[in-house]
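Just so it is clear, none of the values below were taken in a lab; they were calculated from the coordinates. The structure presented is a predicted model; accordingly, all values stated were derived computationally and were not measured. As a convention, Cβ positions derive from the backbone with ideal geometry for all residues, glycine included, and neighbour counts pool all protein chains shown.
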Amino acid sequence: MQEANSPRQMEGHQADPDRDGRFLEFYQQQTQRYDLSEGFLRSFAYRFAQGESCFEAAPEIAEIPFLRGLTFWILRENLNVSEDIASNLILAFEEVVANVVRHSYEASDTKWLETRLYCEDALFKMELLDRGEGGRDPELLELLDSITKTGRPPLQRRGGLGLYLMKRIMDEMTYEPGETNTLRMTKQLGETK
Amino acid sequence: MSTLDIQMEEHGDVLSIALAGSLDTDTADSFDEALTARLEAGWHKVVVDVEQLEYISSAGIGVLVGSVNQLQESNGDMYLVKVPPKIEQVLDMLCLMELFSVFDDRNSAIAAYQ
């Protein structure tokens, strides 16, 4: 059984003792701070490689704050993103993950989600992959379209505020539904820390 | 899971709420339940002190927006107190600061209802 304080490494992880040690310390603090299920801890794995930080997990709603904190740590420590921008990026991250867990995986037992974070030449890119039903949800796609056309937050639609927030924070968003749904978001960064 | 501390006090006919921690996807439902119960019990003058709120997501904002809209439609209101810059920034991004009257301290907000 996966130990709570020894997260699994994904294939392609490039070892860096200093960085990995700091990450492990942070991970252990976070697992003590949040009440995480054994299933979630078993599902969690990460990969740090040249220019890319990646993790996968099967979160429930209660585990989103853990992933949010983890993403903030990666943005600040691995990708050198400024605190102000990192604070906004984790907002966008939470919105996506919450939508996936709430809507895409409503009737599913396998809430797999992979997050990939990149930063190169001051361009930040976030990719979120899932295998839920959201990509085939006509109401969700209609909501995205409505936000694009009106430019206003859809206050009357559940989930609308979150999607609008994502569009305000990120420069570009593309969504590819399929067997694996992929949401890509990019943001030009003005400064790093 | 996140932590959201909710403290409620009654000041005459004004319900004063203080929030501390994270009002996010994980905690928004419990806040919604607690607030809805009070609104259904007849409270329609509400003050929410958010000085100790460290994080808010759209889920939390949705609860605040839904509540203030409901209150204003029934001649009530919800005032915010001591909005931290990070929280104000999120509300600004959603063009929602205009929905709320904001005060620097709780007593001023409560007095504004008189």
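So the values come out like this:
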| read-out | value |
| --- | --- |
| For the protein assembly as shown, size of Cβ-based charge dipole, Lys and Arg +1, Asp and Glu -1, in debye | 400 debye |
| Prolate/oblate/rounded label for chain B (Cα gyration tensor, a/c 1.5) | rounded |
| Antiparallel DSSP beta bridges within the protein assembly as shown, as percent of all bridges there, nearest 5 | 70 percent |
| Beta bridges by DSSP in chain B, antiparallel share as percent, to the nearest 5 | 35 percent |
| Dipole magnitude of chain B, debye to nearest 20 (Cβ charges: Lys/Arg +1, Asp/Glu -1, about Cα centre) | 160 debye |
| Simple spin-label estimate for A:T182 and B:E98 in nanometres, 7 Å along Cα-Cβ | 3.9 nm |
| The protein assembly as shown shape via C-alpha gyration tensor axes, a/c threshold 1.5 | prolate |
| Percentage relative contact order, chain B, counting C-alpha pairs under 8 Å, at least six apart | 25 percent |
| Positive dipole terminus of the protein assembly as shown, leading residue within B:V46, A:L189, B:A18 (C-beta point charges) | A:L189 |
